[in-house]
Structure formats: C-alpha cells, structure tokens
Amino acid sequence: MVMASFFRFWRHLKWVKWQPCSVHTHLVKLIADSADCVADLLIALFPILIKGLKRIHRRMMRFCCFFLYLNRRTFKQLIQASLEQRLPGFAAEMAYHATLALFPAVLALLIAISSFQLVQTELYQMAILLSQIVPEEVQDLIGNGIDQLSLTPSSSLLSFSFLVSLWIFSGVIGAAMDALNHIHRVKKDHLRPFWKNKLIALALALGTLLLLILASALVLISDLIVEGMARQSCMLETVGNCALEDLAICMIKPPVQSCLLESTLLETWKQFRWPITLGIVSTNYAFIYRYAPSYREPGTPLMPGAILAAVFWAFVSNLFRWYVYHFGNFNITYGTIGGFVVLLLWLQISSLIMLIGAQLNVIVGDAMNTNS
C-alpha cells in the first residue's frame, strides 16, 4: 500500500514537476542558441557595417570637399572646357529634340497622372511652382497643347501615344548621352552600340517619369504626416490654455478645428516645397549624369554638380522670365511664332545648364583625384 502510494507520487512528480523544468531547460537552451546565432551574425556583419559607414563618411567628405574647389580658376576652366566641348551646340541639339518631344512628353505625363490618382495634387502643385519660373509664352504654348491633348477621347489612342511619346522623348536623352560622352572624353572603343544606347535612353526616359511619380508620392506621404501633426497641435494648444484643475476635462474635450499653431505649421511646411522640387530636379540630373555616359571615370562626383545645376537653372529661368516679360518683344519681332522662339531659347538654356553641371563635376573630380 505504501509502495503503491510512493509510485503514484513519483509519477505525479515526474509529469507535473519535472516536465516543466525540462521544458524550461529547452527554452533556455533555445534562447541561448538564438543569442549565439545573433551574436555570430552581428560579428559577421560588423566589418560590413564598418565598411559601409566608412564609405558613407568618405563620400560625405568628398561632397564637402567639392565646394572647396569652386574658385576663379575652376570657373575659368569650366568656361574653356564648355567651349572646347561645344556644349552650346549640344544644348541646341537637345533643345531641338526637346521641342519635338515636349508635347508627347506632356501627354505621357498626363497619362501617368491619370494612372496615379493619389499623387495628382502633388504633381499639380509642383507644376504650379515650376510655372513661376517658366516664361509666360512657354506656359501659354504648353497650356494650349494640354487643352488639345485633353480632348483625345480614346484610351487606346492615349496608350499608343504614350509609347510614341516615350520613344520621341528618348531622343532628348540620346542627345544628352552624346554630349556627356564628349564631356567625359569617352574613346570610340568605349562607346556603346546603337541598340544598347537606345535601350538605355528609353530606360532613362521612363526612369525620369517614374522618379517624378515616386517623389510626388513621398511628398504626399510627408504632407499627410504634417497635416496629422498639425491637427494634433490644436490639442496641445487647447491643453496649454487650460487651467490645471480643468486639465482632465480639456483632455476629453475635442480640440478646436483650427488654431494658430496648425496654420503656422502648415505654412512653414509649404515653404519647403521649393527645396523639395529642386531636390527632385537635381536627383534627375544626377540620375542622367550617372547612367547616360558610356564611360565614367571612377570617383567623379554626381550630386554636387547636379545640385548646383538645379539651383542655377531655377535662378536663370527666373531671370529669363523677367527679361522676356520686360524687354523681350519676341511677339513683335517674330510675330505668331514668338512663343515658339521663347520656348526654344528656354529649352536651350536649360539643356546648357544641365551639361555645365556635368562638366563641373568632371573638372572638380579630376582636380580632386590629382590631389589625392
């Protein structure tokens, strides 16, 4: 009887007491093994992380050092190199192709906008910002073209026009690729074949369009975040103006619909639209600087020249708009084609500024590589 009771107690102790201990031991062992695996993974990734941080630090230092080379001698070399490489002639070629591709490109952009409903507002707001520096004759010319394109009823015709416009717009990229090959002094044996050049031009044209849409989506997300923060700021203002004994009531009470802090925050955020728009333009320039030439010397900067070109483009376009408005009587001189002449001049100036940014990257990059 006593022995039976002992074995019943042992069986109960074995399954009720020792089994949780065994499970706990397995759990501890599993956690220890997982910790060892994570530690081994971190040890393996640590050199890669250090290498990546060093690379980022080195690129940041090169980015900052770029501006130390901007002196009188550099700008003199820039002017000489631009004339030797015939950049104004290449800019005229790009302007010619851009004139042919302008309305197909506008059509492609309209189709892309209609396909991405969420970013329509952001794209329109960026277009309004850019219209502040574009001459009015160019705005009227493009606006009339958009009105005609918007009357196209067939969706299949629009899809076909999108493909045709993409092909024509790649001609602008192709002209830019030829110019960048001259800027980088690419030898003939390093030039791409025609079919590969055309495929890359098509990819860059499509990538430019997708980059614009992606940037607009990011701006849309940031706008939603700022608007949410602005709405919550009214609650902070409500609580801040509340007495200490009524704090609980103020927390339950819904905030006011509009407040000074909300309007100030939204107005401040709107001031960042210009830097965001110029950032998109400079990123697009850097995208072309990187993939357009057939060969690019390792270590040649990308973003510094692209940023300077974007800022200079905005300044010169605004200056050209002011000149056309006050002094340029193109409609009197050229008659009905005055707006077309202004468009051609503006496209040539814009193309030349983009090429000058690439030439500046090459000149400063050569100087930095020589000194290092």
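The C-beta contact set for region 75-96 (first residue at positive phi, second residue part of a helix (DSSP H, G or I), distance under 9 angstrom, 6+ apart or interchain) comprises Arg86/Ala179; Arg86/His182. With the requirement that a residue be buried (at least 20 other Cβ atoms within 10 Å of the Cβ) and at pLDDT 80 or above, what does region 94-119 give you? Result: Met94, Ala95, His97, Ala98.
The values are calculated or read from the model by the stated rules, or taken from the named source; none is laboratory data. Remember, predicted model here, so these are calculated numbers, not experimental data. Cβ coordinates were reconstructed from backbone atoms using ideal geometry, including for glycine residues, and neighbour counts include every protein chain displayed.
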